[in-house]
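Enquirer: Attaching a single structure in structure tokens format; questions to follow.
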Amino acid sequence: MNDETLLQSINVELPVDTTAGIGCVGSGFIMADCHLVAYRQHGLNPVAITSRTRRNAETVAARHSIPEVCDSVEQLCDRSDVQILDVAVPPDIQADTIRRALAGNHSLQGILAQKPLGRNFAEALQIVQLCEQAGVALAVNQNMRYDQSVRACHHLLHTGQLGDPVLATIDMRAIPHWMPWQQRQGWVTLRIMSIHHLDTFRYWLGEPDRIYASVRPDPRTSRQFEHSDGIALYILEYDSGARASSWDDVWAGPAREGAASDIGIRWRVEGTTGMARGTIGWPDYPDRTPSTLDYTTTQSDEWQQPRWDSVWFPDAFIGPMADLLRAVETGTEPSCSGRENLSTVALVDAAYLSAREHRAVSPAEISGA
């Protein structure tokens, strides 16, 4: 396989019409430094913004040339030029935000919601049902799917280059910047960081049959607030025989306390006819460090090492919004739709249940599927 073929596999298809008006809810880091940066890079059309603090919304509007600042979700959604809503708020207020939006806007065609879609599966399901009843397309910002190495590995797997999947692993040693709102949630890694990896395993390998998870608090975060899932280890079992596992270590040693650091995210996928390995450049943000992919197959005893310049944060954030806009344009379901994402939410809830009860848990116990 040549580099050009892999390049095509990671490219995001933009809508034919990029003029659909985007209304932005939230003015924090994800909106200001990721969403809007990516949208402006690709010529999308944010027309208005609202936030809990108007001054913050005004600052972000000025930075990204957004013409209107609104005082509430209702005011934003009363605008006839808002066809798409981009919601970037904490998970415990996302359901209410979407409910208010749907009650007030009759021209709304699509909503991009943050992950996690809700505080738990039941709340995520309510959001999905609300949007389906309103006839509004719902996509979820599972943006790791649009990291170039993750997408390229998906292409290798789904074109049969690696054969039948045998083992997939992700090893994360990173120290995230936790948001203040996480303190009131009582959870940390599984629903915020691991959700990316669990969704990626689903993207690569399909639906696992069960998960076994083990968690413990992170010593550093424990000095700020109580939580159970600072460090999260888990194994996914597939009845096909495939296995996947991740070590999500947000302690990553006493690097903030004076020791040398060893920070990074590495992944590896082994199949019956090939294997791929890679790195995720996100822990280096704001430095632009592109993710990498190496792969080899039984057709060649050499490592192929294609390289690209784009990075997960913020470049990959065009993916979920472009996916939603294309779905609205063509009358199809977004590939990262709310309904599809329920399986990721169920897997996260299954991980919490597994860790609490020290047993393997099927996601079907959560979803009832």
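Enquirer: Which members of the range 276-312 meet the condition of being under 25 Å from Ala244 (Cα atoms) and aromatic (Phe, Trp, Tyr)?
Expert: Within the range 276-312, Trp282, Tyr295, Trp303, Trp312 meet the criteria.
Enquirer: Between residues in the range 190-216 that are at positive phi and residues that are outside any helix (DSSP H, G or I), which pairs lie under 8 Å by C-beta distance while being six or more apart or on different chains?
Expert: As it stands, the answer is Gly206/Tyr238, since those pairs meet every condition given.
Enquirer: Let me ask you something else. Quick check on my filter: what residues within the range 1-28 are of a type outside the set (A, V, I, L, M) and either closer than 19 Å to Gln148 by Cβ or loosely packed, with under 13 Cβ neighbours inside 10 Å (or both)?
Expert: Asn2, Asp3, Glu4, Thr5, Gln8, Ser9, Asn11, Glu13, Asp17, Thr19
Enquirer: Only residues that are part of a loop (DSSP other than H, G, I, E, B), among the aliphatic types (A, V, I, L, M) and farther than 19 Å from Tyr285 by Cβ: list them for the range 238-255, please.
Expert: Keep residues of the range 238-255 that are part of a loop (DSSP other than H, G, I, E, B), which gives 238-242, 250-255.
In the following step, the residues that additionally are among the aliphatic types (A, V, I, L, M) were identified as 242, 250, 252, 255.
Residue satisfying the conditions is Ala242 alone.
Enquirer: Could you list all residues from the range 75-92 that are under 14 Å from Ser27 (Cα atoms), touching a Leu at 6+ places or on another chain (Cβ under 9 Å) and β-branched (Val, Ile, Thr)?
Expert: Val87
Enquirer: Right, next: Out of Val311, Val269, Val348, I need the residue that is within 16 Å of the chain's Cα centre (by Cα), β-branched (Val, Ile, Thr) and within 17 Å of Asp147 (Cα to Cα). Which one? Spell out how you get there, then give the answer.
Expert: Numbers: Val269 fails: within 16 Å of the chain's Cα centre (by Cα); Val348 fails: within 17 Å of Asp147 (Cα to Cα).
Within the list Val311, Val269, Val348, the selection yields Val311.
Enquirer: Considering only the range 317-359, how many residues are more than 26 Å from Cys34 (Cβ to Cβ) and not in a helix (DSSP H, G or I)?
Expert: The qualifying residues number 3.
Enquirer: Just checking, how many residues over the range 194-223 are surrounded by fewer than 21 Cβ atoms within 10 Å (Cβ to Cβ) and within 30 Å of Ile10 (Cα to Cα)? Even if it seems obvious, please write down each step before you answer.
Expert: The initial filter retains those residues of the range 194-223 that are surrounded by fewer than 21 Cβ atoms within 10 Å (Cβ to Cβ), namely 203, 205-207, 209-210, 212, 214, 216-217, 219-220, 222-223.
Pick out the ones that are also within 30 Å of Ile10 (Cα to Cα) and you get 203, 205-207, 209-210.
Looking only at that region, the number is 6.
Enquirer: Restricting attention to the range 89-119, report how many residues are of a type in the set (D, E, K, R) and either over 22 Å from His197 (Cα atoms) or surrounded by fewer than 18 Cβ atoms within 10 Å (Cβ to Cβ) (or both). I'd like the intermediate steps shown before the answer.
Expert: Initial filter on the range 89-119 (of a type in the set (D, E, K, R)): 92, 96, 99-100, 115, 119.
Imposing the further condition that a residue be either over 22 Å from His197 (Cα atoms) or surrounded by fewer than 18 Cβ atoms within 10 Å (Cβ to Cβ) (or both) reduces the set to 92, 96, 99-100.
Residues in the range 89-119 being of a type in the set (D, E, K, R) and either over 22 Å from His197 (Cα atoms) or surrounded by fewer than 18 Cβ atoms within 10 Å (Cβ to Cβ) (or both): 4 in total.
Enquirer: Going through the range 353-364 one residue at a time, which ones are within 19 Å of Glu123 (Cα to Cα) and either of a type in the set (Asp, Glu) or crowded, with 22+ Cβ neighbours inside 10 Å (or both)?
Expert: Matches in the range 353-364: Pro363 only.
Enquirer: Provide a single number: the residues in the range 1-53 that are closer than 30 Å to Thr298 by Cα and over 20 Å from the mean Cα position of the chain (by Cα).
Expert: Going residue by residue through the range 1-53, those that are closer than 30 Å to Thr298 by Cα are 1-12.
Adding the requirement that they be over 20 Å from the mean Cα position of the chain (by Cα) leaves 1-8.
Going through the range 1-53 one residue at a time, the tally reaches 8.
Enquirer: Check Ile93 against each of (1) without any contact (Cβ under 8 Å) to a residue 12 or more places away in the chain; (2) touching a strand residue (DSSP E or B) at 6+ places or on another chain (Cβ under 7 Å) and name the one condition it does not meet.
Expert: Failed condition: (2).
Every read-out reported here was derived from the displayed coordinates using simple, explicitly stated rules and does not represent laboratory data. Quick caveat: nothing in here was measured; it's all calculated off a predicted structure. As a convention, Cβ positions derive from the backbone with ideal geometry for all residues, glycine included, and neighbour counts pool all protein chains shown.
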